[in-house]
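Data first, discussion second: the structure below is written as C-alpha coordinates.
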Amino acid sequence: MNEMMNKKPLGRTGLYVTPVGFGVLTVGKTQLNYSVSEGAALLRYALDSGFNFLDTAQYYETYPYIREALKGLPFDPVISSKCLGSSYEDMKEAVEEARISLNRDVIDIFLLHEMGGREDFQERQGAWEYLLEAKAKGLVKAVGVSAHDVQAVEIAAGMEELDVVFPLINYRGLGIRNGNGFGTKEQMAEAIRKASDNGKGVFAMKAFGGGNLAVDYKTALDYVRYLPGVDSIMVGFGYRHEIDRIIEYMEDRLDPDYRPDVSKKRMFICQGDCMGCGACMKRCSSKAIFWNQNGLADIDPNLCVTCGYCAPVCPERAIIML
(Lines give C-alpha, C1' and ligand atoms only; values in the text may rest on other atoms or scores of the structure.)
Protein backbone atom coordinates (compact mmCIF):
# COMPACT_ATOMS: atom_id res chain seq x y z
CA MET A 1 0.00 0.00 0.00
CA ASN A 2 1.16 3.54 -0.78
CA GLU A 3 2.48 4.90 2.52
CA MET A 4 1.27 8.34 1.46
CA MET A 5 -2.28 7.03 1.86
CA ASN A 6 -1.65 6.15 5.50
CA LYS A 7 -3.06 9.30 7.06
CA LYS A 8 -2.29 10.42 10.61
CA PRO A 9 -4.40 12.48 13.03
CA LEU A 10 -3.30 16.10 13.23
CA GLY A 11 -3.35 16.55 16.98
CA ARG A 12 -6.92 16.80 18.26
CA THR A 13 -8.28 18.69 15.25
CA GLY A 14 -10.20 15.73 13.87
CA LEU A 15 -8.28 16.17 10.61
CA TYR A 16 -6.26 13.31 9.12
CA VAL A 17 -3.29 14.18 6.95
CA THR A 18 -0.67 12.38 4.92
CA PRO A 19 2.79 12.21 6.54
CA VAL A 20 4.09 14.57 3.84
CA GLY A 21 2.24 17.60 2.54
CA PHE A 22 2.79 19.87 -0.47
CA GLY A 23 3.96 23.41 0.31
CA VAL A 24 2.45 25.34 -2.59
CA LEU A 25 4.75 28.39 -2.32
CA THR A 26 7.23 26.82 -4.75
CA VAL A 27 4.95 26.94 -7.79
CA GLY A 28 4.03 30.62 -7.38
CA LYS A 29 5.49 33.80 -8.77
CA THR A 30 7.98 34.38 -5.94
CA GLN A 31 9.76 31.11 -6.73
CA LEU A 32 9.34 28.92 -9.84
CA ASN A 33 6.65 31.19 -11.29
CA TYR A 34 4.75 28.44 -13.09
CA SER A 35 1.68 29.26 -15.12
CA VAL A 36 -1.55 28.30 -13.37
CA SER A 37 -1.95 25.27 -15.64
CA GLU A 38 1.64 24.10 -15.03
CA GLY A 39 1.47 24.55 -11.27
CA ALA A 40 -1.98 22.99 -11.01
CA ALA A 41 -0.81 19.98 -13.01
CA LEU A 42 2.03 19.42 -10.54
CA LEU A 43 -0.32 19.75 -7.58
CA ARG A 44 -2.76 17.35 -9.18
CA TYR A 45 0.04 14.86 -9.78
CA ALA A 46 0.81 14.92 -6.05
CA LEU A 47 -2.85 14.60 -5.09
CA ASP A 48 -3.35 11.70 -7.51
CA SER A 49 -0.23 10.09 -6.04
CA GLY A 50 -1.72 10.04 -2.55
CA PHE A 51 -1.07 13.45 -0.96
CA ASN A 52 -4.03 14.98 0.85
CA PHE A 53 -2.41 17.97 2.61
CA LEU A 54 -1.65 21.37 1.05
CA ASP A 55 -0.16 24.49 2.63
CA THR A 56 -0.54 27.97 1.21
CA ALA A 57 -0.85 31.57 2.42
CA GLN A 58 -2.53 34.78 1.43
CA TYR A 59 0.73 36.40 0.38
CA TYR A 60 1.84 33.41 -1.73
CA GLU A 61 -0.94 34.22 -4.24
CA THR A 62 -1.27 30.53 -5.10
CA TYR A 63 -5.01 30.01 -4.59
CA PRO A 64 -5.66 29.85 -8.37
CA TYR A 65 -3.25 26.89 -8.68
CA ILE A 66 -5.04 24.99 -5.94
CA ARG A 67 -8.53 25.74 -7.23
CA GLU A 68 -7.57 24.48 -10.69
CA ALA A 69 -5.91 21.36 -9.27
CA LEU A 70 -9.03 20.46 -7.28
CA LYS A 71 -11.35 20.36 -10.29
CA GLY A 72 -12.79 16.86 -10.57
CA LEU A 73 -10.75 15.56 -7.64
CA PRO A 74 -12.70 12.72 -5.99
CA PHE A 75 -11.81 13.81 -2.44
CA ASP A 76 -11.33 17.02 -0.47
CA PRO A 77 -7.73 17.55 0.62
CA VAL A 78 -6.85 19.28 3.87
CA ILE A 79 -5.87 22.87 3.08
CA SER A 80 -3.97 25.16 5.42
CA SER A 81 -3.62 28.87 4.79
CA LYS A 82 -2.30 31.81 6.78
CA CYS A 83 -2.19 35.59 7.01
CA LEU A 84 0.59 38.03 7.92
CA GLY A 85 -1.87 40.71 9.02
CA SER A 86 -2.30 42.01 12.56
CA SER A 87 -5.84 43.35 12.77
CA TYR A 88 -9.28 41.80 13.02
CA GLU A 89 -10.15 43.19 9.59
CA ASP A 90 -6.89 41.91 8.07
CA MET A 91 -7.69 38.36 9.12
CA LYS A 92 -11.37 38.59 8.22
CA GLU A 93 -10.44 39.69 4.70
CA ALA A 94 -7.84 36.91 4.44
CA VAL A 95 -10.28 34.17 5.46
CA GLU A 96 -12.93 35.46 3.07
CA GLU A 97 -10.40 35.72 0.25
CA ALA A 98 -9.40 32.09 0.81
CA ARG A 99 -13.00 30.86 0.91
CA ILE A 100 -13.91 32.68 -2.29
CA SER A 101 -10.68 31.99 -4.19
CA LEU A 102 -10.62 28.29 -3.29
CA ASN A 103 -14.39 27.90 -3.77
CA ARG A 104 -14.70 26.31 -0.33
CA ASP A 105 -17.19 27.28 2.36
CA VAL A 106 -14.82 26.06 5.06
CA ILE A 107 -11.02 26.31 5.24
CA ASP A 108 -9.55 23.42 7.20
CA ILE A 109 -6.70 25.29 8.91
CA PHE A 110 -5.95 29.00 9.20
CA LEU A 111 -2.89 30.39 10.91
CA LEU A 112 -1.22 33.57 12.06
CA HIS A 113 1.65 33.63 9.57
CA GLU A 114 5.19 33.80 11.01
CA MET A 115 4.29 34.61 14.59
CA GLY A 116 7.20 36.01 16.57
CA GLY A 117 7.45 36.08 20.36
CA ARG A 118 4.99 37.34 22.97
CA GLU A 119 5.20 40.97 21.86
CA ASP A 120 4.33 40.06 18.29
CA PHE A 121 1.40 37.96 19.44
CA GLN A 122 0.07 40.85 21.53
CA GLU A 123 0.27 43.15 18.51
CA ARG A 124 -1.77 40.65 16.51
CA GLN A 125 -4.55 40.05 19.02
CA GLY A 126 -7.13 41.46 16.62
CA ALA A 127 -6.20 38.89 13.96
CA TRP A 128 -6.25 36.10 16.51
CA GLU A 129 -9.65 37.26 17.79
CA TYR A 130 -11.09 36.91 14.31
CA LEU A 131 -9.60 33.45 13.83
CA LEU A 132 -11.35 32.26 16.99
CA GLU A 133 -14.58 33.86 15.78
CA ALA A 134 -14.23 32.23 12.36
CA LYS A 135 -13.74 28.85 14.02
CA ALA A 136 -16.80 29.38 16.22
CA LYS A 137 -18.85 30.23 13.12
CA GLY A 138 -17.60 27.12 11.31
CA LEU A 139 -15.71 29.05 8.64
CA VAL A 140 -12.46 27.33 9.62
CA LYS A 141 -11.98 24.01 11.38
CA ALA A 142 -8.68 24.61 13.20
CA VAL A 143 -6.59 27.66 14.07
CA GLY A 144 -2.99 28.18 15.05
CA VAL A 145 0.34 29.76 14.16
CA SER A 146 3.28 29.24 11.85
CA ALA A 147 6.59 30.16 13.43
CA HIS A 148 10.35 30.23 12.96
CA ASP A 149 10.78 31.31 16.59
CA VAL A 150 11.19 28.94 19.55
CA GLN A 151 9.42 31.36 21.88
CA ALA A 152 6.41 31.51 19.57
CA VAL A 153 6.07 27.73 19.59
CA GLU A 154 6.42 27.67 23.37
CA ILE A 155 3.63 30.24 23.68
CA ALA A 156 1.45 28.31 21.26
CA ALA A 157 2.00 25.09 23.20
CA GLY A 158 0.35 26.65 26.25
CA MET A 159 -2.68 28.19 24.51
CA GLU A 160 -5.76 26.10 25.20
CA GLU A 161 -7.77 27.53 22.30
CA LEU A 162 -5.00 26.91 19.74
CA ASP A 163 -5.21 23.74 17.61
CA VAL A 164 -2.20 23.67 15.29
CA VAL A 165 1.46 24.71 15.18
CA PHE A 166 3.54 24.92 12.00
CA PRO A 167 7.18 25.29 13.15
CA LEU A 168 10.48 25.52 11.29
CA ILE A 169 12.82 22.65 12.13
CA ASN A 170 15.72 20.88 10.42
CA TYR A 171 18.74 18.86 11.44
CA ARG A 172 21.13 21.78 11.03
CA GLY A 173 18.92 24.32 12.80
CA LEU A 174 18.95 26.66 9.77
CA GLY A 175 16.59 29.61 10.15
CA ILE A 176 15.54 28.96 13.75
CA ARG A 177 15.13 32.08 15.90
CA ASN A 178 14.78 32.47 19.66
CA GLY A 179 13.63 35.98 20.47
CA ASN A 180 16.22 38.45 19.22
CA GLY A 181 18.86 35.79 18.59
CA PHE A 182 19.38 32.49 16.88
CA GLY A 183 17.70 29.39 18.25
CA THR A 184 18.84 25.78 18.17
CA LYS A 185 17.24 22.63 16.81
CA GLU A 186 17.23 21.22 20.35
CA GLN A 187 15.25 24.20 21.65
CA MET A 188 12.73 23.96 18.84
CA ALA A 189 12.43 20.19 19.18
CA GLU A 190 11.57 20.58 22.87
CA ALA A 191 8.97 23.24 22.10
CA ILE A 192 7.44 20.96 19.46
CA ARG A 193 7.28 18.09 21.94
CA LYS A 194 5.49 20.31 24.46
CA ALA A 195 2.98 21.44 21.86
CA SER A 196 2.24 17.86 20.83
CA ASP A 197 1.97 16.69 24.45
CA ASN A 198 -0.64 19.41 24.93
CA GLY A 199 -2.71 18.04 22.05
CA LYS A 200 -1.65 20.45 19.32
CA GLY A 201 -1.33 19.21 15.79
CA VAL A 202 2.19 19.80 14.48
CA PHE A 203 3.29 19.91 10.87
CA ALA A 204 6.86 20.95 10.21
CA MET A 205 8.44 23.22 7.60
CA LYS A 206 11.93 23.61 6.13
CA ALA A 207 13.18 20.06 6.67
CA PHE A 208 15.57 20.76 3.79
CA GLY A 209 16.45 24.22 5.10
CA GLY A 210 15.02 25.94 2.04
CA GLY A 211 16.74 23.44 -0.25
CA ASN A 212 20.16 24.00 1.28
CA LEU A 213 20.13 20.55 2.93
CA ALA A 214 18.63 18.67 -0.01
CA VAL A 215 21.94 17.01 -0.83
CA ASP A 216 21.66 15.25 2.56
CA TYR A 217 18.24 14.01 1.51
CA LYS A 218 17.61 11.04 3.78
CA THR A 219 19.41 12.54 6.78
CA ALA A 220 17.31 15.70 6.54
CA LEU A 221 14.01 13.86 6.20
CA ASP A 222 14.78 11.24 8.84
CA TYR A 223 15.51 13.91 11.44
CA VAL A 224 12.10 15.56 11.09
CA ARG A 225 10.12 12.41 10.28
CA TYR A 226 11.12 10.73 13.54
CA LEU A 227 11.11 13.85 15.72
CA PRO A 228 8.70 13.34 18.65
CA GLY A 229 5.50 15.31 18.14
CA VAL A 230 5.66 15.90 14.38
CA ASP A 231 2.53 14.68 12.58
CA SER A 232 3.45 15.70 9.03
CA ILE A 233 6.26 17.33 7.04
CA MET A 234 5.43 20.10 4.58
CA VAL A 235 7.75 20.07 1.56
CA GLY A 236 7.90 22.43 -1.40
CA PHE A 237 8.01 20.49 -4.69
CA GLY A 238 8.87 21.87 -8.10
CA TYR A 239 8.99 18.74 -10.25
CA ARG A 240 7.28 15.38 -10.57
CA HIS A 241 10.45 13.42 -9.92
CA GLU A 242 10.75 15.11 -6.52
CA ILE A 243 7.28 13.82 -5.63
CA ASP A 244 8.22 10.34 -6.84
CA ARG A 245 11.40 10.30 -4.73
CA ILE A 246 9.67 11.28 -1.50
CA ILE A 247 7.05 8.57 -1.99
CA GLU A 248 9.86 6.07 -2.45
CA TYR A 249 11.43 7.42 0.73
CA MET A 250 8.20 7.09 2.72
CA GLU A 251 7.79 3.51 1.48
CA ASP A 252 11.42 2.69 2.35
CA ARG A 253 12.14 1.93 -1.32
CA LEU A 254 14.62 4.75 -1.85
CA ASP A 255 18.26 3.89 -2.46
CA PRO A 256 19.96 4.66 0.90
CA ASP A 257 22.77 6.37 -1.00
CA TYR A 258 20.41 8.61 -2.98
CA ARG A 259 21.61 12.18 -3.37
CA PRO A 260 19.57 14.51 -5.57
CA ASP A 261 21.27 16.29 -8.44
CA VAL A 262 21.48 19.94 -7.40
CA SER A 263 23.89 20.96 -10.15
CA LYS A 264 21.17 22.88 -12.01
CA LYS A 265 19.74 24.55 -8.92
CA ARG A 266 20.63 28.09 -7.91
CA MET A 267 20.62 30.17 -4.77
CA PHE A 268 17.70 32.54 -4.51
CA ILE A 269 16.82 35.30 -2.01
CA CYS A 270 13.10 35.64 -1.31
CA GLN A 271 12.52 39.37 -1.59
CA GLY A 272 9.47 39.24 0.64
CA ASP A 273 11.54 37.83 3.50
CA CYS A 274 14.84 39.74 3.09
CA MET A 275 15.32 42.42 5.74
CA GLY A 276 18.40 43.96 4.12
CA CYS A 277 20.75 43.21 7.02
CA GLY A 278 23.71 42.39 4.77
CA ALA A 279 24.83 39.30 6.69
CA CYS A 280 24.78 37.16 3.54
CA MET A 281 26.79 39.73 1.64
CA LYS A 282 29.54 39.68 4.25
CA ARG A 283 29.64 35.89 4.18
CA CYS A 284 29.83 35.50 0.38
CA SER A 285 33.47 35.09 -0.62
CA SER A 286 32.46 35.02 -4.31
CA LYS A 287 31.08 38.58 -4.13
CA ALA A 288 27.92 37.28 -5.80
CA ILE A 289 25.48 39.12 -3.52
CA PHE A 290 24.60 42.75 -4.18
CA TRP A 291 22.05 45.38 -3.18
CA ASN A 292 19.27 45.59 -5.75
CA GLN A 293 17.19 48.64 -6.67
CA ASN A 294 14.83 47.94 -3.77
CA GLY A 295 17.64 48.02 -1.22
CA LEU A 296 17.46 44.28 -0.66
CA ALA A 297 20.02 41.54 -1.16
CA ASP A 298 20.08 39.74 -4.48
CA ILE A 299 22.33 37.15 -6.13
CA ASP A 300 24.23 37.37 -9.40
CA PRO A 301 23.95 33.83 -10.88
CA ASN A 302 27.05 34.45 -13.00
CA LEU A 303 29.19 34.82 -9.86
CA CYS A 304 27.41 32.43 -7.47
CA VAL A 305 29.16 29.08 -7.00
CA THR A 306 26.14 27.54 -5.16
CA CYS A 307 28.19 26.79 -2.05
CA GLY A 308 25.23 27.63 0.19
CA TYR A 309 27.41 29.30 2.82
CA CYS A 310 25.18 32.39 2.78
CA ALA A 311 22.02 30.58 3.90
CA PRO A 312 22.97 29.77 7.53
CA VAL A 313 23.78 33.41 8.36
CA CYS A 314 20.42 34.75 7.17
CA PRO A 315 18.27 35.56 10.23
CA GLU A 316 15.07 35.38 8.19
CA ARG A 317 15.79 32.11 6.30
CA ALA A 318 15.23 34.15 3.11
CA ILE A 319 17.93 32.31 1.14
CA ILE A 320 16.80 29.12 -0.53
CA MET A 321 18.03 26.82 -3.29
CA LEU A 322 15.76 26.34 -6.29
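The values are calculated or read from the model by the stated rules, or taken from the named source; none is laboratory data. Not measured: the values here are computed from a predicted model. Don't worry about glycine lacking a Cβ; one is built from the backbone with ideal geometry, like all the others, and counts go over all protein chains shown. Surface accessibility is based on the protein's heavy atoms, side chains included, excluding ligands, DNA and RNA. Shrake-Rupley method; radii C 1.70, N 1.55, O 1.52, S 1.80 Å.
If we keep just the residues of region 179-193 that are free of Cβ contacts under 8 Å to residues at least 40 places away in the same chain and part of a loop (DSSP other than H, G, I, E, B), which is most open to solvent (accessible area, probe 1.4 Å)? Here the answer is N180. T219 satisfies every condition listed in (1) β-branched (V, I, T); (2) over 17 Å from Q151 (Cβ atoms); (3) in contact with a helix residue (DSSP H, G or I) (Cβ under 8 Å, 6 or more places away or on another chain); (4) outside any loop (DSSP other than H, G, I, E, B) except (3).
Residue check: F203 meets all listed conditions (1) part of a helix (DSSP H, G or I); (2) buried (at least 19 other Cβ atoms within 10 Å of the Cβ); (3) in contact with a Leu (Cβ under 9 Å, 6 or more places away or on another chain) but one, namely (1). For I269, state whether it is without any contact (Cβ under 8 Å) to a residue 24 or more places away in the chain, among the aliphatic types (A, V, I, L, M) and open to solvent by less than 40 Å² (accessible area, probe 1.4 Å). No: the conditions fail for I269.
Can you find even one residue in region 304-322 that is of a type in the set (A, V, I, L, M, F, W, C) and free of Cβ contacts under 8 Å to residues at least 12 places away in the same chain? Among the residues of region 304-322, not one is of a type in the set (A, V, I, L, M, F, W, C) and free of Cβ contacts under 8 Å to residues at least 12 places away in the same chain, which makes the answer no. From the residues in region 7-30 that are open to solvent by less than 20 Å² (accessible area, probe 1.4 Å), in contact (Cβ under 8 Å) with a residue 40 or more places away in the chain and part of a loop (DSSP other than H, G, I, E, B), which one is farthest from L221 (Cα to Cα)? Once the filter is applied, the top-ranked residue is L15.
When residues of region 233-273 are filtered for being of a type in the set (S, T, Y), over 20 Å from Y65 (Cβ atoms) and under 19 Å from the mean Cα position of the chain (by Cα), how many remain?
0
Quickly run through region 31-64 and pick out the residues that are open to solvent by less than 50 Å² (accessible area, probe 1.4 Å) and in a helix (DSSP H, G or I). If the condition is that a residue be open to solvent by less than 50 Å² (accessible area, probe 1.4 Å) and in a helix (DSSP H, G or I), then G39, A40, A41, L42, L43, A46, L47, Y60, Y63 are the ones that fit.
The set of residues in region 132-178 that are in a strand (DSSP E or B) and of a type in the set (K, R) comprises K141, R177. Got a number for residues in region 65-75 being in a helix (DSSP H, G or I) and either among the aromatic types (F, W, Y) or open to solvent by less than 50 Å² (accessible area, probe 1.4 Å) (or both)? The total comes to 4. Flag: S196 does not match the condition of being polar (S, T, N, Q), open to solvent by less than 10 Å² (accessible area, probe 1.4 Å) and at pLDDT 95 or above.
Quick test for you: out of E119, E154, E114, E161, pick the one residue that is of a type in the set (D, E, K, R), more than 17 Å from G14 (Cβ to Cβ) and surrounded by fewer than 18 Cβ atoms within 10 Å (Cβ to Cβ). From the options E119, E154, E114, E161, the qualifying one is E119. Looking only at region 305-314, count every residue that is open to solvent by 20 Å² or more (accessible area, probe 1.4 Å) and modelled with pLDDT of 85 or more and tell me the total. Qualifying residue count for the region: 1. Looking only at residues in region 274-304 that are closer than 19 Å to Y59 by Cβ and open to solvent by 40 Å² or more (accessible area, probe 1.4 Å), the one that is farthest from the chain's Cα centre (by Cα) is N294. Take S286 and decide whether it is among the hydroxyl-bearing types (S, T, Y), in contact (Cβ under 8 Å) with a residue 60 or more places away in the chain and over 17 Å from Y217 (Cβ atoms). Answer is no for this residue. Taking L132, is it under 27 Å from I233 (Cβ atoms), surrounded by fewer than 20 Cβ atoms within 10 Å (Cβ to Cβ) and either hydrophobic (A, V, I, L, M, F, W, C) or more than 20 Å from the chain's Cα centre (by Cα) (or both)? No: the conditions fail for L132.
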